[in-house]
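Comments concern the structure below.
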Amino acid sequence: MNLTDKQYDLFLDLVFNYLSKRDLCACSLVNKTWSQHATSKLWYQPEFDNGNSTSFQTFQNFLKILIKVASEQTKTLIQIIDINQVKESLYETLNDNWLTLIIQHCPNLRSLIIRDSSCLTTMSIRKLITNFKQTHDSLQYLNLENSKNITENLLKSFIQKFPKLLAINLNNCSGVSDSSISQISYFCHDLNTIELSNASSRITDVSFYAISKFGKNKLRKLNFSSMSKITDNSIKSISNHCKNLEVVNFSNCQLVTSIGLANLLMANKNTLKELWIHNMKGIPWLTKDLWELITIKCSKLELFSINFNTITSSSTCSSSFTKDLILYYFSQFKKLKKLILYNISEDSSSKFLQNLIESFGIGDKNSAITNYSSNNNNKSTHSIGSNKSILEEVLIYRVRYECDFILGGYAETKNSMESYGIEKKDVIDNKWVNKFNFLNPNGPKIKLLLLEE
């Protein structure tokens, strides 16, 4: 087969994607063309965990090569640096210039991940601010999750070095406040992703006024879960200005109510793909209007996270809201691929959960759904249980059951409960999950996980 130069380059590029670092090094010695392709793969995202030495030592060697050995052309190939695995110890610490060296010598760096790293200190940031006078316009993603050594003023100055940021992760990061978030929103005007989960108790509605004002229609993903001071005023501001959100996570926000949720859903119903609303005390159950908004009007929704008792409570808080109606609403999801259910209790019915999953079209038609639809003359255009389900995965997070404390490990002892004289109930356990997965090989994969306390 005769290949043009362009086809040959494309072929090498595709094949080299599947090679290990060691194989790429060997390929780089074949000829000039192979060397160019292999080198670009090797330097695109340097790895600091090679198995022969610690990640800290490998990272130190990388910095030395970056300064003394690597050519300018090679430095332009580096686009992602992740030092998540680089850990300092009592006897090994990085020079405070490490951050400055990376920013100076990697002109095309697009992603910088410093998650869970002790290497990011106030001194390393000050060195960067002092020695690197210009801005770095290539960086698009910055991850500072769980960084504990950043002050509010340092965070402001640090972010100003990267005006072209598209996404920033400040989950559980120190230095986050209304003032710093407002400045970040103003200075990085191209941001489409902001993650502030559990960032700081100093975050109030003021931060979200700034985010909504400067983000407007550019914002696509917003994660502000576990924010104790966020209220419906924040949600209203976001709903008024940000109408193209695709991912929204405000789980564990105790002050947000159904009113705020309804406003946000109405504003973003045509774009929303992921919605996380579990563990919200302000929304103990959902009204019919909210269920209709989520399941029918948010037609692009692909991921939905909610407390299981929020679903079941909807049928107990209103006499006209039956479980059959809940099953009907779940059957109206058009594109949902992943369902996440939190806080499954020991008395939760596996039969109801199975009906809930079957409402997506698993197995035979669900009689309860069919009955509800016919009795209420509902002229829905959506098929109910007749087509192959698009649901791919169901994650179930359970609380600790009584048998966990009586018998020890849940997965191993549940089947032996009867031998201890404990009545076996209609519970959601690993045996039920395994049976469902076995009987529905083409259906959604169910995973049962223990909710961390």
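Derivation of every value follows stated rules applied to the coordinates shown; laboratory data play no part. Because the structure is predicted, anything quoted here is derived from the model rather than measured. Backbone-built Cβ (ideal geometry, glycine too); neighbour counts: all protein chains shown.
Numbers for the structure displayed
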item	result
Label-point separation in nm, Arg400 to Asn153, each point 7 Å along Cα→Cβ	4.6
Relative contact order (%) - criterion: Cα under 8 Å, at least six apart; region: the stretch 151-222	35
FRET efficiency, Asn131 to Asn240 (Cβ-Cβ, R0 41 Å, nearest 0.05)	0.45
For the stretch 254-349, projected area of the alpha-carbon convex hull averaged over all directions, nm²	5.9
Charge tally in the Cβ shell below 13 Å around Leu341, where Lys, Arg are +1 and Asp, Glu are -1, Leu341 excluded	+2
Flagged links, alpha-carbon separation over 29 Å, of Lys41/Lys338; Lys229/Lys269; Lys221/Lys351	Lys41/Lys338; Lys221/Lys351
Rg(Cα) / (2.2 N^0.38 Å) computed for the stretch 150-298, rounded to two decimals	1.00
Rg [Å, one decimal], Dmax [Å, integer] - the stretch 1-44, C-alpha atoms	10.1, 31
Sequence-separation-based contact order of the stretch 1-44, relative, with Cα cut under 8 Å and 6+ spacing, percent	33
Calculated FRET efficiency for the pair Ser345/Lys218, C-beta based, R₀ 45 Å, to 0.05	0.65
Cut-off 19 Å (backbone N to label point 7 Å along Cα→Cβ of Asn95), residues of the stretch 109-135	119-133
Net charge of Cβ neighbours under 12 Å - reference His105; Lys, Arg +1; Asp, Glu -1	+2
Efficiency of FRET from Cβ geometry, Glu393 and Asp13, R₀ 41 Å, rounded to 0.05	0.85
